[in-house]
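**Student:** Take a look at this one; I'll ask things after.
The values are calculated or read from the model by the stated rules, or taken from the named source; none is laboratory data. A quick note: this is a predicted structure, and the numbers were derived from the prediction, not measured. FYI the Cβ positions are ideal-geometry reconstructions off the backbone, even for glycines, and counts take in every protein chain you see. Ligands, DNA and RNA are stripped out before the accessible areas are found, and what is left, the full protein with its side chains, is counted by its heavy atoms. Shrake-Rupley method; radii C 1.70, N 1.55, O 1.52, S 1.80 Å.
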Amino acid sequence: MEEKRREEWMAILRQSRLCRNLEEKRTPKPHGAGRNGADLFQRGADLSGNRPAGFGYMLLNGSVIIAKETFSGKRILLAQLEDPGALFGEVYAFMEKASYDMYVEALTQVSVLIMSSRIFTDREENSLSRKLRENLLEVFAGKAYNMNRKLRILGSGSLRERIVRFLVECQDSEGQIHMNLSREEMADYLNITRPSLSRELGKMQEEGILELDRRQILVKDQEKMELYL
């Protein structure tokens with residue numbers, strides 16, 4: 001059973017963006033403290049209590065949020081990760097910071113791999129290190145794009161414009177909204193209060209723009225919604 005789980009985790013590592021186009025035998029090995037190289041955290045755990053000994057974390061399963069608290073205690077939600085193979089904390093390996101200035105909270109039970117920083121500097125494997133660095137640049141580019149997208153959302157004028165731009169960003173090619181955030185998490189992401197968010201969503205439902213069903217948000221009138229873009 002343990003061997004099967006390890007094979008599943010290694011398959012996630014091989015299919016991740018970090019290891020894209022690498023031969024199976026050249027896949028870097030994690031060095032977690034848990035069994036089979038993976039570390040397990042329970043729901044509610046803070047994964048950022050200490051900097052990992054290695055390069056950063058790779059999510060195997062479960063869901064985490066990356067957030068920051070202001071001096072007054074307000075939470076600002078920066079991202080939610082739930083895709084197997086997603087990296088987090090890796091940027092700190094290239095910065096002169098002794099500790100994290102944000103935190104990572106497990107929304108569910110999660111398993112992660114801790115990647116060694118040696119995979120980027122090992123001279124004996126210079127061609128592998130070079131390819132991993134190239135893949136890492138793609139990871140950084142994707143995160144920069146997502147952060148720019150959030151800045152566009154938060155830079156919207158009114159509360160409704162901010163909500164509409166966020167919902168449009170969450171729509172797929174068929175117009176369906178894919179979002180696993182609770183109302184509280186959505187409010188934190190948009191940097192607004194939950195009551196303000198709930199009131200505005202309620203107004204949009206009354207106007208026939210949206211239909212609310214617990215966490216699900218359905219667009220009833222796309223053209224009317226896009227008037228606020």
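**Student:** Modelled with pLDDT of 85 or more, over 20 Å from the mean Cα position of the chain (by Cα) and open to solvent by 70 Å² or more (accessible area, probe 1.4 Å), is that true of Glu134? Working first, answer last.
**Tutor:** Working: modelled with pLDDT of 85 or more: yes; over 20 Å from the mean Cα position of the chain (by Cα): yes; open to solvent by 70 Å² or more (accessible area, probe 1.4 Å): yes.
Yes, satisfied.
**Student:** In segment 103-131, what residues are aliphatic (A, V, I, L, M) and either in a strand (DSSP E or B) or at pLDDT below 75 (or both)?
**Tutor:** Restricting attention to segment 103-131, the residues satisfying the condition of being aliphatic (A, V, I, L, M) are 104, 106-107, 110, 112-115, 119, 128.
Val104, Ala106, Val110, Val112, Leu113, Ile114, Met115, Ile119, listed by residue number.
**Student:** Please verify whether Met204 is among the hydrophobic types (A, V, I, L, M, F, W, C) and under 17 Å from the mean Cα position of the chain (by Cα), treating the condition exactly as stated.
**Tutor:** No: the conditions fail for Met204.
**Student:** Given the conditions (1) modelled with pLDDT of 90 or more; (2) out of contact with any strand residue (DSSP E or B) (no Cβ under 6 Å at 6 or more places or on another chain), report the number of the one that Glu211 does not fulfil.
**Tutor:** With (1) modelled with pLDDT of 90 or more; (2) out of contact with any strand residue (DSSP E or B) (no Cβ under 6 Å at 6 or more places or on another chain) applied to Glu211, the lone miss is (2).
**Student:** In segment 28-78, how many residues are at pLDDT 75 or above, touching a helix residue (DSSP H, G or I) at 6+ places or on another chain (Cβ under 7 Å) and open to solvent by 20 Å² or more (accessible area, probe 1.4 Å)?
**Tutor:** Number of matching residues: 2.
**Student:** Also, quick follow-up: Do we find that Asn148 is under 20 Å from the mean Cα position of the chain (by Cα), open to solvent by 30 Å² or more (accessible area, probe 1.4 Å) and in contact (Cβ under 8 Å) with a residue 60 or more places away in the chain in this structure? Outline the logic, then answer.
**Tutor:** Numbers: under 20 Å from the mean Cα position of the chain (by Cα): yes; open to solvent by 30 Å² or more (accessible area, probe 1.4 Å): yes; in contact (Cβ under 8 Å) with a residue 60 or more places away in the chain: no.
Against the criterion (under 20 Å from the mean Cα position of the chain (by Cα), open to solvent by 30 Å² or more (accessible area, probe 1.4 Å) and in contact (Cβ under 8 Å) with a residue 60 or more places away in the chain), Asn148 does not qualify.
**Student:** Quick check on segment 187-227: of everything there that is surrounded by 15 or more Cβ atoms within 10 Å (Cβ to Cβ) and among the β-branched types (Val, Ile, Thr), which residue is nearest to Ser156 (Cα to Cα)?
**Tutor:** Among them, the one singled out is Ile192.
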